[in-house]
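These notes are about the structure you will find just below.
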Amino acid sequence: MAERAAGRYAPSPSGDLHLGNLRTALLAWLFARSTGRRFLMRVEDLDRVRPGAEQRQLADLAALGLDWDGPVVRQSERLDLYGHAIDRLRAQGRTYECFCTRREIQQAASAPHGPMGSYPGTCRTLTTADRARLRAEGRPAALRLRADITEYEIVDELHGVYRGLVDDVVLRRGDGLPAYNLAVVVDDADQHIDQVVRGDDLLPSTPRQAYLAALLGLPAPRYAHVPLVLNAAGQRLAKRDGSVTLADRTALGDTVEDVVSALSCSLGYSARTPAHLLRQFDPAVLPRRPSTFDENGLLQPDGCP
Ligand code: GLU
């Protein structure tokens, strides 16, 4: 039987969630629940993991009043799945080993005909002898996609048609672990996720991911990239910006309902619980501009009713 469609939240357990993360999680939950979808929780723990962060993140999301279906999925427990996808791309002749260091990539000029900021393709044409020499030097090899296009188009529910860069994205990192862009595509398809709601800082990565999905014969989900919460200087909110986590807010005397209320307010609603917000939620009227966390620690409302 076909699994019911699903949305998801996919936190990286690198620290506590701040108000911007909590707002994105709330939005992902609202998008899924308001459209009758399941809502899945996936911990993206292939990168920096801070001990205890996963437990605190999940506890904060639950405390806020968000619920999810089924067990929490962890990427570190699904390495075979990513390995199989990489094998399929390799069998299609679509991969190559890359020995470049981060610094070398930054220093190299972009490919003459490639878009700015893309991997210049230094290792694309290495010979077997070149590769043997680099390996003998002890250089770790990442595995890259041999992309045959430089741009790909996706449709986003908030941003409309978005055309963006596709380059020879890393599939397997130099340390042998799968890269984020590959893992996210494999997971979303495997978990029957057909609605991806996440911060709009990830919009530029989306054409790469949709292209990868197409190469793997996987359906691309619908995307909704939602505005972020910024600090007073207009940068993406971070932990150093003050009292930005649920624990920080409660230490200042806020209740969980106060926090949900502030998040709701920043989205143009008045609600003290996610369940109450769900009854009013309409993605069509979502603010398109980011919200700001000001010096007083308050989310500046985009339009509090
Ligand atoms: N793990 C990513 C993050 O926390 C999100 C990836 C995604 O939603 O696709 O930024």
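The set of residues from segment 22-72 being of a type in the set (Asp, Glu), within 13 Å of the ligand (Cβ to nearest atom) and in a helix (DSSP H, G or I) comprises just one member, GLU54.
Only one of the numbered conditions (1) under 16 Å from LEU177 (Cα atoms); (2) modelled with pLDDT of 95 or more; (3) among the charged types (D, E, K, R); (4) touching a Gly at 6+ places or on another chain (Cβ under 9 Å) is violated by GLU97, and that is (4).
Of the residues that make up segment 145-158, is at least one within 14 Å of ARG94 (Cβ to Cβ), over 16 Å from the mean Cα position of the chain (by Cα) and either within 12 Å of the ligand (Cβ to nearest atom) or open to solvent by less than 30 Å² (accessible area, probe 1.4 Å) (or both)? Yes, segment 145-158 has at least one match. Does at least one position in segment 202-213 carry a residue that is at pLDDT 95 or above, outside any helix (DSSP H, G or I) and among the hydroxyl-bearing types (Ser, Thr, Tyr)? Checking segment 202-213: not a single residue is at pLDDT 95 or above, outside any helix (DSSP H, G or I) and among the hydroxyl-bearing types (Ser, Thr, Tyr).
On the basis of being over 24 Å from PRO290 (Cβ atoms), out of contact with any strand residue (DSSP E or B) (no Cβ under 7 Å at 6 or more places or on another chain), within 14 Å of the ligand (Cβ to nearest atom) and open to solvent by less than 30 Å² (accessible area, probe 1.4 Å), does ALA6 make the cut? So ALA6 fails the test. Looking across segment 122-137, the residues that are surrounded by 13 or more Cβ atoms within 10 Å (Cβ to Cβ) and hydrophobic (A, V, I, L, M, F, W, C) come down to CYS123, LEU126, LEU134.
Of all the numbered requirements in (1) within 10 Å of the ligand (Cβ to nearest atom); (2) open to solvent by 30 Å² or more (accessible area, probe 1.4 Å); (3) part of a loop (DSSP other than H, G, I, E, B), PRO13 misses one, and that requirement is (2). When segment 180-210 is filtered for residues that are among the small types (Gly, Ala, Ser), more than 9 Å from the ligand (Cβ to nearest atom) and open to solvent by 10 Å² or more (accessible area, probe 1.4 Å), only ALA189 remains. TYR119 meets all of the listed conditions (1) open to solvent by 60 Å² or more (accessible area, probe 1.4 Å); (2) at pLDDT below 95 but one, namely (1).
The values are calculated or read from the model by the stated rules, or taken from the named source; none is laboratory data. These figures come from a predicted structure and were not determined experimentally. Ideal geometry is used to build each Cβ from the backbone, glycine not excepted, and the neighbour counts take in all protein chains shown. Quick note on the areas: whole protein, heavy atoms, side chains included, nothing else; ligands and nucleic acids left out. Shrake-Rupley method; radii C 1.70, N 1.55, O 1.52, S 1.80 Å.
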